[in-house]
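Novice: A single structure is presented below for examination.
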Amino acid sequence: MLGLKLATDPRWAKLVETNIEEILTDHAWCEQKAATNAITIISLNSEHEELVTELLKLAQEELEHFQMVHDIIKKRGYTLGRERRDSYVNELFKVQMKGGSRQQALVNRLLFSAMIEARSCERFKVLSENIKDEELSKFYKDLMISEAGHYTTFLGFARKYGGGIDVDALWKELLVAEGEIIKNYGKSESIHG
């Protein structure tokens with residue numbers, strides 16, 4: 001369904017288990033960044049009423065996820081660490097086509113967002129199926145379903161607002177580029193690391 005070119009090695013979950021506090025902190029900040037991204041898209045494209053309506057819901061859901069992760073952190077006696085830099089997201093952002101019209105910029109941002117949601121969904125699936133911690137296994141299974149919905153929301157809006165742009169061709173190019181980028185990851189206790 002997601003079309004990702006390279007699956008995450010299930011052994012990554014074993015690495016995550018060595019530092020649950022770190023993965024939870026990284027995950028919390030990923031949720032905050034996802035909410036901020038949705039708000040940024042809204043602020044740059046407020047003329048699209050349906051986009052605004054749906055991305056407001058998405059941003060609220062991402063903030064709820066942030067709170068859920070923070071609640072787990074507190075419950076386990078951990079501390080929410082400082083925000084982490086996400087090298088994967090930064091590399092993916094560099095792949096985006098620059099320039100062009102506002103419409104092209106919107107489509108690019110929506111595809112970029114869809115890709116991050118797709119990879120997060122895939123990582124949550126790996127965690128849900130491979131982590132021994134039963135609470136976190138269930139938690140990540142539930143979030144995997146939510147992330148899949150976010151992925152389809154962004155991709156659907158790219159297609160809706162991409163009139164005259166070959167959105168599917170751009171998506172295929174981004175999938176290939178992401179497949180190359182992700183080869184360098186899966187070696188740290190972070191959602192995209």
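What follows is calculated from the coordinates using simple rules that are stated; it is not laboratory data. The shown structure was predicted, so the numbers you read here are calculated from the model rather than taken from an experiment. Cβ sites come from the backbone with ideal geometry, for glycine too, and all protein chains shown count toward neighbours.
Novice: Find out how many positive minus negative residues lie around Arg84, taking Lys and Arg as positive, Asp and Glu as negative, among other residues whose Cβ is under 9 Å from that of Arg84. Don't skip to the answer; put the middle values down first.
Specialist: Numbers: positive: Arg82, Arg85; negative: Glu22, Asp26, Glu83, Asp86.
Around Arg84, the surrounding residues sum to -2.
Novice: Right, next: Using per-residue counts of other Cβ atoms within 10 Å, averaged over each peptide, order 153-161, 8-16 from highest down.
Specialist: Details: 153-161: 19.4, 8-16: 16.9.
For the peptides 153-161, 8-16, the packing ranking is 153-161, 8-16.
Novice: Mind pulling the per residue volume of the convex hull built on the Cα atoms of segment 88-187? Å³ is fine. Intermediate values should be presented prior to the final figure.
Specialist: Working: hull volume 9.2 nm³, N = 100.
Considering the Cα atoms of segment 88-187, their hull volume per residue is 92 Å³.
Novice: Another one. Net charge near Thr40: determine it from the other residues with C-beta under 11 Å of the C-beta of Thr40, scoring Lys and Arg +1 and Asp and Glu -1. Write out the running numbers ahead of the final one.
Specialist: Numbers: positive: Lys33, Arg109; negative: none.
Value of the local net charge: +2.
Novice: With helices defined as uninterrupted DSSP H runs, which ones in the chain have an alpha carbon span along their own long axis of at least 27 Å and mean Kyte-Doolittle hydropathy of at least 0.0? Walk me through the numbers before you get to the answer.
Specialist: Values: long enough: 20-44 (36 Å, 0.32); 49-75 (39 Å, -0.27); 102-130 (42 Å, -0.18); 134-161 (41 Å, -0.40).
Within the chain the helices that satisfy the rule are 20-44.
Novice: For the chain, what is the charge dipole size about the Cα centre, in debye to the nearest 20, if Lys and Arg each add +1 at the Cβ and Asp and Glu each add -1 at the Cβ? Kindly include the intermediate steps, with their values, before the conclusion.
Specialist: Working: 26 positive and 31 negative charges, 90 e Å.
So the dipole magnitude of the chain works out to roughly 440 debye.
Novice: What does the highest-first list of 137-144, 107-114 look like by mean Cβ count within 10 Å? Before the final figure, lay out each step's value.
Specialist: Working: 137-144: 17.2, 107-114: 23.1.
Top to bottom by mean Cβ count within 10 Å: 107-114, 137-144.
Novice: Working out 0.36 nm times the residue gap between Arg159 and Glu21, then minus their Cα-Cα distance, what length gain in nm do you get to one decimal?
Specialist: Gain in length upon complete extension: 45.9 nm.
Novice: Between Lys94 and Asp166, 0.36 nm times their residue separation minus their Cα-Cα distance comes to what?
Specialist: Computed gain between Lys94 and Asp166 is 23.9 nm.
Novice: With each run of n ≥ 4 DSSP H residues scored as -39500 (n - 2.57), what mean residue ellipticity at 222 nm is computed for the chain after dividing by its residue count and rounding to the nearest 500 deg cm²/dmol?
Specialist: Counting only the DSSP helices, I get -25000 deg cm²/dmol.
Novice: Using packing as a proxy for protection, rank 118-124, 64-70 so that the peptide with the highest average count of other Cβ atoms within 10 Å comes first.
Specialist: Details: 118-124: 23.6, 64-70: 17.7.
Going from most to least packed, we get 118-124, 64-70.
Novice: Can you tell me the FRET efficiency between Tyr78 and Val176 if r is taken as the Cβ-Cβ distance and R0 is 25 Å, rounded to the nearest 0.05? Please report the intermediate quantities before stating the final value.
Specialist: Numbers: r = 38 Å, r/R0 = 1.50.
Given R0 = 25 Å and the Cβ-Cβ separation, E is 0.10.
Novice: Based on the Cα atoms of segment 25-93, what semi-axes does the equivalent ellipsoid have, where each is the square root of 5 times one gyration tensor eigenvalue, given in whole Å with the largest first? Please report the intermediate quantities before stating the final value.
Specialist: Working: eigenvalues 134, 50, 9 Å².
Largest first, segment 25-93 gives 26, 16, 7 Å.
Novice: Something else about it: Using only the alpha carbons, work out the radius of gyration and Dmax of the chain in angstrom.
Specialist: Every Cα atom of the chain included, Rg and Dmax give 16.4, 52 Å.
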